[in-house]
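The structure appears right after this line, and notes come after that.
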Amino acid sequence: MHELSIVMGIIDVVTEYAKGEPVKEVTLDIGCLTTIEMFAFDMAWKQAVKGTLLEKATLDIHRIEGKAVCLECGTGFAINEVYDACTGCNSHLIQIVQGKELKVRSLIIF
Amino acid sequence: MCATCGCDSHTHTHSHSHSHAHPHDEKHIAVEKDVLYENNLLAARNRGFFDAKNILAINLVSSPGSGKTTLLERTLTDLKETLAFSVIEGDQQTTRDADRIHATGTKVVQINTGKGCHLDAHMVMHALQGMHPHENGVLFIENVGNLVCPAMFDLGEKERVVVMSVTEGDDKPLKYPDMFHTSHLCIINKIDLLPYVPFSLDKAIANAKRINPKLEVITLSCTSGEGLDKWYQWLESKKS
């Protein structure tokens, strides 16, 4: 349900940068480790953009895969969940280095 | 525009010092801005306020019914002479929780989120402006009962405490990993009910530590009082 808050946040950021111009496309980075449910996101988006500069905008979403570094053995590895273990030594003491992004990269105005 | 007070919390200072515009496409605008930028900015502001006033701010999160408000009632009553407390209550509707806190003689303000499912830094900022929490004291922010959404929203707290109870299943941390991953302390409440439920404390703690190896765990019962001393010791250690 927080997807609506996220969508409102995107609308705020894009509206600030669009300077009054209707928006054609928005490019987003959404990390695979963020708790964004894309179905809920799409539903929220459709409703929330009505009457805003983003009403006709299409979304270009880059999903960023999760990556971590093990704090015990130094191995770098891909992760699907924040609690995955190191593929080298099985430790859970890991540092997430990629995959939690939630960013508006750029936009194109009409 | 903020629906609470009509204020415009947008920052208007931004620079386009690196232009990624392509020569043939002038309408491409670089943004590179975190979606939670506004919330994080206000959270940092709240954090600065807490530091300046020497307030220990604690964000209490859990699913509905795990005992957050009862834990606060016990804590506020037992430690009344030791620490200066203030409370921000978050619920969709009613002032019932704030009323309970008020009955302990503690300064409290209620935020009603309406359809909203979590507190955010903006709401907390407004609550702080209204309430003037005790300096050199402890501020409890009791979040909306929800183990999913509040995990994403920094309120500016120093400590995040996730409360679960023995009636909720020992696999709770695995099912709601983000909340346990972003918390500092896990309280397992209602241990007086252990004889009546198929809940393994060992499994619950192991699951919690698998999600977050640095998570501290305290087991207690607000009803019997068992374990509350450890919670009070933890509070006092964080305050000093």
With the requirement that a residue be touching a Leu at 6+ places or on another chain (Cβ under 9 Å) and more than 14 Å from chain A (Cβ to nearest Cβ), what does the range B:200-228 give you? B:L201, B:E216, B:V217, B:I218, B:T219, B:L220, B:S221, B:C222, B:T223, B:E226, B:G227, B:L228
Looking only at the range B:36-46, decide whether some residue is outside any helix (DSSP H, G or I), within 14 Å of chain A (Cβ to nearest Cβ), over 18 Å from B:L235 (Cβ atoms) and touching a residue at least 12 places away in the same chain (Cβ under 8 Å). yes
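Can you pull out the residues in the range A:60-110 that are over 17 Å from B:E32 (Cβ atoms) and among the aliphatic types (A, V, I, L, M)?
A:A68, A:V69, A:L71, A:A78, A:I79, A:V82, A:A85, A:L93, A:I94, A:I96, A:V97
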How about the range A:88-101: which of its residues are touching a residue at least 12 places away in the same chain (Cβ under 8 Å) and exposed (fewer than 14 other Cβ atoms within 10 Å of the Cβ)? A:G88, A:C89, A:L93, A:Q95, A:V97
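Hey, could you check the range B:63-117 for residues that are on the phi > 0 side of the Ramachandran plot and among the small types (G, A, S) and say which is surrounded by the fewest Cβ atoms within 10 Å (Cβ to Cβ)? Walk me through how you get there before you give the answer.
Filtering the range B:63-117 for residues on the phi > 0 side of the Ramachandran plot gives B:65, B:67, B:94, B:105, B:114.
Still in the running and among the small types (G, A, S): B:65, B:67, B:105, B:114.
Details: B:G65: 12, B:G67: 21, B:G105: 11, B:G114: 8.
The selected residue is B:G114.
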Index of the failed condition, B:G67 passing every other in (1) more than 18 Å from B:L155 (Cα to Cα); (2) in contact with a helix residue (DSSP H, G or I) (Cβ under 7 Å, 6 or more places away or on another chain): (2)
Working only within the range B:120-166, note down all residues that are at negative phi and free of Cβ contacts under 8 Å to residues at least 60 places away in the same chain. B:A127, B:Q129, B:G130, B:M131, B:V144, B:V148, B:C149, B:V166
For B:V197, indicate whether it is away from every other protein chain (no Cβ under 14 Å), in contact with a helix residue (DSSP H, G or I) (Cβ under 6 Å, 6 or more places away or on another chain) and either over 19 Å from B:P64 (Cβ atoms) or crowded, with 23+ Cβ neighbours inside 10 Å (or both). no
Give me a count of the residues in the range A:91-110 that are in a loop (DSSP other than H, G, I, E, B), within 12 Å of chain B (Cβ to nearest Cβ) and touching a Leu at 6+ places or on another chain (Cβ under 8 Å). 3
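Given the condition of a type in the set (V, I, T), assigned to a helix (DSSP H, G or I) and under 17 Å from B:L128 (Cα atoms), answer yes or no: does some residue in the range B:84-93 qualify?
Here is the first cut: in the range B:84-93, the ones of a type in the set (V, I, T) are B:87-88.
From what's left, assigned to a helix (DSSP H, G or I): none.
The answer is no, given that none of the residues of the range B:84-93 is of a type in the set (V, I, T), assigned to a helix (DSSP H, G or I) and under 17 Å from B:L128 (Cα atoms).
Every number here is computed from the coordinates shown, using simple stated rules; none is lab data. Fair warning: this is a prediction, and the values are worked out from it, not measured in the lab. Positions of Cβ are backbone-derived with ideal geometry, glycine not excepted, and every protein chain shown enters the neighbour counts.
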